[in-house]
1. With only Lys, Arg, Asp and Glu charged, each at its Cβ (+1 for the first two, -1 for the last two), find how big the charge dipole of segment 21-190 is about the Cα centre; round to the nearest 20 debye.
2. Would you grab the residues whose amide H sits under 5 Å from the one on Gly78? Only those 5+ places off in sequence or on another chain, please, with H modelled 1.01 Å from N.
3. Rounded to a whole number of µm²/s, how large is the Stokes-Einstein D of segment 21-190 at 4 °C and 1.567 mPa s, given Rh as the Kirkwood radius over C-alpha pairs?
4. What net charge is computed for the residues neighbouring Thr144, neighbours being all others with C-beta under 10 Å from the C-beta of Thr144, Lys and Arg scored +1, Asp and Glu -1?
5. How would Arg118, Arg148 line up from fewest to most surrounding beta-carbon atoms within 10 angstrom?
6. Work out the charge dipole of segment 21-190 with +1 on the Cβ of Lys and Arg and -1 on the Cβ of Asp and Glu about the Cα centre, then indicate which of Gly186, Thr76, Ala156 is farthest towards its positive end.
7. Where does the charge balance sit around Tyr60 when Lys and Arg score +1, Asp and Glu -1, over other residues with C-beta under 12 Å from its C-beta?
8. Segment 161-180 to segment 57-115: how many Å between their Cα centroids?
Amino acid sequence: MTFKSAILGGLAAVAFTLPAQAASLFNAGFETGDTASWTVENGPVDVVTDADDAIVVAPYGEHFTATEGDYFAQLTAGENGYTTLSQVFTLTRLSRISFDAAFLAFDYDPYDDDAFVRVRNLDTNVTTFLFGSSVSLVGDQGHTSWARFSSDFLDAGNYVFEAGVQNGGGDTDPTYSSKLLLDNVGIAVPEPSTWAMMLLGFGALGATLRQRRNAAANA
């Protein structure tokens with residue numbers, strides 16, 4: 001067995017022993033029926049079992065239910081900036097964060113309501129935007145369907161997960177306040193097979209670099 005094979009084998013064995021979870025967000029699916037463990041700022045955030053977009057005439061719009069469990073969060077744009085829902089969490093190793101989101105525009109041009117979901121590293125103050133939508137993207141009183149989003153790998157550290165929605169153009173009429181739906185938030189480390197593939201990739205890259213150095217030295 002070569003030295004490289006031994007090292008890769010040992011690293012892969014360690015990877016297969018890693019637990020599936022690096023950390024967790026509390027009440028991540030809102031199954032307590034409320035926003036327990038979350039911080040709400042500057043506007044209404046309701047935990048609901050269903051929601052509808054702004055289209056109330058035939059052929060009607062889309063009816064939304066939870067993507068997992070019975071409940072999900074519905075953020076409604078408030079009067080003074082973004083309505084936000086957030087939670088601080090700590091990652092102990094390389095991990096991804098995933099969630100389901102949908103944007104429901106209840107306004108129209110030029111009132112460009114918008115929504116976002118982002119993760120900010122509290123140690124480095126680097127923000128990664130994971131989801132964004134607006135009236136200008138979906139059209140007057142348009143919407144997106146539920147979709148699953150996932151971050152790139154995040155390093156170990158302290159983070160805040162934050163979602164927000166706001167009224168655009170200074171329009172504070174509650175009839176035209178857009179909504180952001182959020183459900184099924186989760187954190188997971190790479191699966192053992194992913195770790196193994198990553199390690200093999202690093203090993204192959206190292207071998208290629210060594211071959212190039214040797215070729216240059218012998219030239």
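Just so you know, all these numbers are worked out from the coordinates, no wet-lab data involved. Small disclaimer: the values here were computed from a predicted structure and weren't measured. Every residue, glycine among them, receives a Cβ derived from its backbone with ideal geometry; neighbour counts consider all protein chains shown.
1. On the way: 6 positive and 25 negative charges, 161 e Å.
About 780 debye.
2. For Gly78, the qualifying residues are Thr83, Asn167.
3. Details: Rh = 16.2 Å.
D, rounded to a whole number, is 80 µm²/s.
4. Values: positive: none; negative: Asp53, Glu62.
Here the count lands on -2.
5. Details: Arg118 17, Arg148 11.
Ranked by crowding around the Cβ, least crowded first: Arg148, Arg118.
6. Ala156
7. Numbers: positive: none; negative: Asp52, Asp53, Glu62.
Counting the neighbours of Tyr60, the net charge comes to -3.
8. 11
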